[in-house]
Amino acid sequence: MVKSLLNSVNNMFSHEDLGRLLLRLVVGGLMLFHGLHKLIGGIDGIAGMLVSKGLPGFIAYGVLIGEVLCPILIILGVLTRPSALVLAFTMVVAWLLVGIGETGTLDVTGAWAIESIVYFFVAALVIAFLGAGRYSVAPAWK
């Protein structure tokens, strides 16, 4: 009886392409909020951080690629794997700029201080490994 129930549940949830779509929508959608904030509010803060580390401030425009363009492409399922890798790289840069000093700390609620950076990094890698799946705007460009 238990085996039959488990098989039924497994069959009911065995929809890999739907899982890929849900993952793309959540990761791309949540990252897009970060990118739209920078698109509307500006990237001066990021440019300032880069300059303070001896890097040219214009590199800050890369955040718009990593946090606006790539999430849109991920959501649509267009150039999904390259976009996911760019998003993962963006998270490495975010960690180096703002999270490296907090890597071993917890925030006020007890969560890992760089939890969201790690979440987006790992989720982007998962998307890069899985690809867009069947439910995408351009399945041939996955």
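The values are calculated or read from the model by the stated rules, or taken from the named source; none is laboratory data. Just so it is clear, the model here is predicted, and its values are computed rather than measured. So basically every Cβ, Gly included, is an ideal-geometry build from the backbone, and we count neighbours across all protein chains shown.
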query = Regarding residue 19, is this residue in contact with a Gly (Cβ under 9 Å, 6 or more places away or on another chain), surrounded by fewer than 15 Cβ atoms within 10 Å (Cβ to Cβ) and closer than 16 Å to residue 126 by Cα?
reply = yes
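One line per residue, one yes/no per condition, for (1) on the phi > 0 side of the Ramachandran plot; (2) not hydroxyl-bearing (Ser, Thr, Tyr):
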site: 48; (1), (2): no, yes
site: 53; (1), (2): no, yes
site: 63; (1), (2): no, yes
site: 68; (1), (2): no, yes
site: 77; (1), (2): yes, yes
site: 83; (1), (2): no, no
site: 95; (1), (2): no, yes
site: 103; (1), (2): no, no
site: 113; (1), (2): no, yes
message = Looking at 22, 55, 18, 50, can you tell me which residue is under 18 Å from residue 87 (Cα atoms) and hydrophobic (A, V, I, L, M, F, W, C)?
response = 22
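Kindly state which helices (runs of 4 or more DSSP H) lie completely within the range 1-110 and contain at least 2 residues that are among the polar types (S, T, N, Q) and modelled with pLDDT under 95.
2-12
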task = Could you tell me whether any residue of the range 113-130 is in contact (Cβ under 8 Å) with a residue 40 or more places away in the chain, surrounded by fewer than 21 Cβ atoms within 10 Å (Cβ to Cβ) and over 20 Å from residue 21 (Cβ atoms)?
result = no
